[in-house]
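A short worksheet on the structure shown next.
The values are calculated or read from the model by the stated rules, or taken from the named source; none is laboratory data. Predicted model, so just to flag it, every value in this text is computed and none were measured. Cβ sites come from the backbone with ideal geometry, for glycine too, and all protein chains shown count toward neighbours. Areas reflect the complete protein model, heavy atoms only, side chains present, ligands, DNA and RNA absent. Shrake-Rupley method; radii C 1.70, N 1.55, O 1.52, S 1.80 Å.
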Amino acid sequence: MATSFIRKLMVSSLLFFSASVATAETFVFTAIPDEDETKLVERFQGVADYLSEQLDVDVRYIPVKSYAAAITAFRNNQVQLAWFGGLSGVQARKLVPGSEALAQGVEDKAFETYFIANTSTGIEPADNLADLADQLRGKTFTFGSKGSTSGRLMPEYHIREAFGEAPEDVFSRVGFSGNHTRTLRLVEAGTYQVGALNFQVWKKELDDGNIDTDAVRVIWKTPPFPDYQWTIRGDVNDRFGDGFKEKVKQALLNLKDPKLLESFPRSGFIPVSNDAYEPIRKTAEEIGILD
């Protein structure tokens with residue numbers, strides 16, 4: 001009798017433990033490291049707190065050191081959600097069948113890359129990149145990250161279109177700064193004469209008074225293209241329950257905190273689908289970045 005009671009107690013305890021583990025499941029997300037790490041941690045810790053409230057689960061943000069690391073973490077299910085750029089999102093969704101782009105910033109529907117130059121070069125702004133060909137040739141140039149849409153893919157595409165040559169054949173030296181903020185600082189300091197960065201970083205740094213406009217200026221702006229988005233793994237409902245993916249989407253679309261949105265900076269989030277990023281996929285294939 002006592003033995004039977006103990007067995008029942010043990011079974012009940014195990015069931016309770018299993019249920020506790022299931023309800024204590026942590027939803028983890030990351031983001032491409034497109035800016036200085038301190039800014040990213042502040043921004044995405046706020047997002048984690050917001051999502052935890054909205055989804056009623058433990059939500060954790062983990063920083064990564066590179067665009068490739070963000071894609072790997074998503075592929076390996078170390079994270080279930082990620083804030084990707086256009087190209088990194090395409091790459092991640094290709095590796096994880098069933099994953100979906102859920103939401104993009106209002107500004108991401110028509111994103112832009114700014115080409116900037118140190119003022120010592122004497123390069124003046126132009127409406128067409130081809131008009132700057134003679135002035136750009138032979139200068140030093142830095143992209144952002146190798147996996148960046150606005151910091152590498154789109155600027156390289158337009159350089160090839162304007163010159164009919166690869167960047168390495170146009171410029172005397174080509175570098176990869178690692179992120180948009182660093183591109184700005186390198187060109188501002190004259191370490192590189194010209195560079196390309198996303199327009200949102202330029203605008204925010206300018207609004208915050210962090211740009212020496214006597215040292216660096218915008219010389220050309222790309223045509224608009226789709227960029228950043230939140231992408232989620234297709235198997236989250238299996239792990240977190242039916243309807244969880246839709247709950248995440250609605251939480252992102254309902255994010256209205258002005259301070260949190262300003263940290264992106266975005267004015268809000270809108271629905272998006274994988275199809276919106278077909279132009280990015282095709283461009284990446286054209287210039288050999290994507291197989």
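Numerical summary
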item	result
DSSP bridge orientation in the chain - percent antiparallel, rounded to nearest 5	60
Length gained when the stretch Glu25-Gln54 is fully extended (0.36 nm per residue, less Cα-Cα span)	8.9 nm
Qualifying GluC sites (Glu not before Pro) for segment 105-188 [loop in DSSP, other Cβ within 10 Å: at most 10]	none
Shape category assigned to segment 211-253 from the gyration tensor of Cα positions, a/c cut at 1.5	prolate
Computed over segment 54-169, Kirkwood Rh from alpha-carbon pairs, angstrom	16.8
Over segment 230-271 - Rg/Rh using Cα atoms and the Kirkwood inverse-distance radius	1.07
Relative contact order computed over segment 164-256 (Cα-Cα under 8 Å; 6+ residues apart), in percent	15
C-alpha center-to-center spacing [segment 29-67, segment 207-232] in angstrom	22
Helical segments meeting 18 Å axial Cα length and Kyte-Doolittle -1.0 threshold in the chain (DSSP H)	2-23, 37-55
Net charge of neighbours whose Cβ lies under 14 Å from the Cβ of Ile270, counting Lys and Arg as +1 and Asp and Glu as -1	+1
Within straight-line cross-link reach of Lys282, lysines at Cα separation under 18 Å, skipping those fewer than 8 residues along the same chain	Lys94, Lys109, Lys146
Carbon plus sulfur fraction of accessible area for segment 30-163, probe 1.4 Å, in percent	44
Residues whose placed amide H lies under 5 Å from that of Val216, excluding near-sequence neighbours	Thr119
Estimated translational D of segment 107-232 in µm²/s (Stokes, Kirkwood radius over Cα pairs; 10 °C; 1.306 mPa s)	111
The chain - mean residue ellipticity at 222 nm from DSSP helices (-39,500 (n - 2.57) per run, n ≥ 4, rounded to 500)	-12500 deg cm²/dmol
Solvent-accessible area per residue for the chain (1.4 angstrom probe, square angstrom)	46
Potential extension, Glu42-Thr213 segment - 0.36 nm per residue separation minus Cα distance	58.9 nm
√(5λ) per eigenvalue of the Cα gyration tensor, the chain, largest first, Å	44, 19, 16
Backbone HN-Hα couplings from phi across segment 229-235 [Karplus 6.51/-1.76/1.60, Hz, Gly and Pro as x]	6, 8, 10, 10, 5, x, 9
